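The structure appears below as structure tokens.
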Amino acid sequence: MKRRDFINKAIKQASVGVVAASAVTAPAIVSADTKIKWKMVTTWPKNFPVLGTGANQLAKLITEMSDGRIKVKVYGAGELIPAFEVFDAVSRGTAQLGHGSAYYWKGKVEEAQFFSTVPFGMNAQEMTAWLYYGGGMELWRETYEPFGVIPAAAGNTTVQMAGWFNKEINSANDLKGLKMRIPGLGGEVLKRAGGTPVNLPGGELFTSLKTGAIDATEWVGPYNDLAFGLHKAAKYYYYPGWHEPGTTLEAIINKEAFNALPKDLKSIVENACKVVNQDMSLEFTAKNNTALDTLVNKHKVDVRKLPDDVLEKLKELSNEVVSELAAKNKAAQKIHDSYNKFYKQVSAWHEISEKIYYNVR
Ligand code: CA
């Protein structure tokens, strides 16, 4: 195929992924003057504070840093495809980029949940350190390899809240029969405590809670929860987010589309993800505290700590759930071992640094 024909085809099809897949004999690398159009599908409602706007920011950064050589158009949940079809859409090349979190794909690859968050596990700072410097990223890439998808850390919620409840939680018995939206491993833990976990995309939480279809829901933290108006649908706001102590948000990239990029654009995509990864966690830190103040002082929300014995029970069940997940297959065991080794070491360090400082400041 002649170079000009190749470029024309690229423009016509408006997708590097499709070109790379079809142009078997042509070199896959795109020339410097080719304009690439990528679609980014997200699990979040369009423009949703931090989660959606962070995805927008990632798209903007890639476009700006590449001086328009890659233009990324962002689609909110349901615009191009439903929220929970993001992984499949990127895997088959319908979109070149996706933004969500790994635990949404547990039905497809269970061990992916380690790359979102582990109940009673590492916080945002520790999680990111494991991914970047503790071998986590390599394991994550291996996990998605069979799907033709490359993962990148692209945001972190920091410690979440336990959630919004219309029933008081005074003992572990109160979890029995509780119908709660709670994704990932936390959902498995609730199930083991006698509750019924359900997985719903963010956009459906308010109505489900308000109509009584669910008794409780977790979402993220004060800033995001306030944006959804969850305080108008529930009586109690419990903490801490034992189930999501530092959830990594992910960007997923179609492998063929990524491999077709020249070296500089590959670096731009990877580093834009790194910027957003840090930036989103800082935005959560900055905005959660003002939102909490609004919820407590303006909306008079009843904010409560989960009782210690409830947390102890949940921790015991979490250990069971995580160990059983690890025992399911070799890949899960390998990720679990790497995660745990890092967690143990970083905890020993944070015991005499971050934690003690929180207590004495
Ligand atoms: Ca959550």
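The values are calculated or read from the model by the stated rules, or taken from the named source; none is laboratory data. These figures come from a predicted structure and were not determined experimentally. When we count neighbours, we look across all protein chains shown, and the Cβ atoms used for this are built from the backbone with ideal geometry, even at glycine. Each accessible area value is taken on the protein alone, full model and side chains, heavy atoms only, with ligands, DNA and RNA left out. Shrake-Rupley method; radii C 1.70, N 1.55, O 1.52, S 1.80 Å.
Scan region 138-160 for residues that are touching a helix residue (DSSP H, G or I) at 6+ places or on another chain (Cβ under 7 Å) and open to solvent by 60 Å² or more (accessible area, probe 1.4 Å) and report the count.
In the first step, residues of region 138-160 are kept if they are touching a helix residue (DSSP H, G or I) at 6+ places or on another chain (Cβ under 7 Å); the result is 139-140, 143, 147-158.
This time we only want the ones that are open to solvent by 60 Å² or more (accessible area, probe 1.4 Å), so: none.
Of the residues in that region, 0 qualify.
Would you point out which residue out of Tyr223, Tyr237 is open to solvent by less than 20 Å² (accessible area, probe 1.4 Å), aromatic (Phe, Trp, Tyr) and in contact (Cβ under 8 Å) with a residue 24 or more places away in the chain?
Values: Tyr223 fails: open to solvent by less than 20 Å² (accessible area, probe 1.4 Å).
Unique residue meeting the criteria: Tyr237.
To keep it simple, each residue is scored yes or no on (1) of a type in the set (Lys, Arg); (2) modelled with pLDDT of 95 or more.
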{"site": "Tyr103", "(1), (2)": "no, no"}
{"site": "Ala112", "(1), (2)": "no, yes"}
{"site": "Phe115", "(1), (2)": "no, yes"}
{"site": "Leu131", "(1), (2)": "no, yes"}
{"site": "Tyr144", "(1), (2)": "no, yes"}
{"site": "Ala154", "(1), (2)": "no, yes"}
{"site": "Asn166", "(1), (2)": "no, yes"}
{"site": "Asn170", "(1), (2)": "no, yes"}
{"site": "Arg181", "(1), (2)": "yes, yes"}
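Taking region 240-264 as the region of interest, how many residues are within 12 Å of the ligand (Cβ to nearest atom), open to solvent by less than 10 Å² (accessible area, probe 1.4 Å) and part of a loop (DSSP other than H, G, I, E, B)?
Residues flagged as within 12 Å of the ligand (Cβ to nearest atom), open to solvent by less than 10 Å² (accessible area, probe 1.4 Å) and part of a loop (DSSP other than H, G, I, E, B) within region 240-264 amount to 5.
Taking region 192-211 on its own, how many of its residues are away from the ligand (no atom under 16 Å from the Cβ) and open to solvent by 30 Å² or more (accessible area, probe 1.4 Å)?
6
Which condition number in (1) open to solvent by 30 Å² or more (accessible area, probe 1.4 Å); (2) within 16 Å of the ligand (Cβ to nearest atom); (3) among the hydrophobic types (A, V, I, L, M, F, W, C) is the one that Ala286 fails?
Looking at each condition in turn, Ala286 falls short on (2).
Within region 182-191, restricting attention to residues that are in contact (Cβ under 8 Å) with a residue 12 or more places away in the chain and part of a helix (DSSP H, G or I), which residue is most open to solvent (accessible area, probe 1.4 Å)? Talk me through it step by step, then tell me what you get.
Step one: of region 182-191, the residues in contact (Cβ under 8 Å) with a residue 12 or more places away in the chain are 182-190.
Imposing the further condition that a residue be part of a helix (DSSP H, G or I) reduces the set to 184-190.
Values: Gly184: 1, Leu185: 8, Gly186: 2, Gly187: 2, Glu188: 61, Val189: 0, Leu190: 5 Å².
Selected residue: Glu188.
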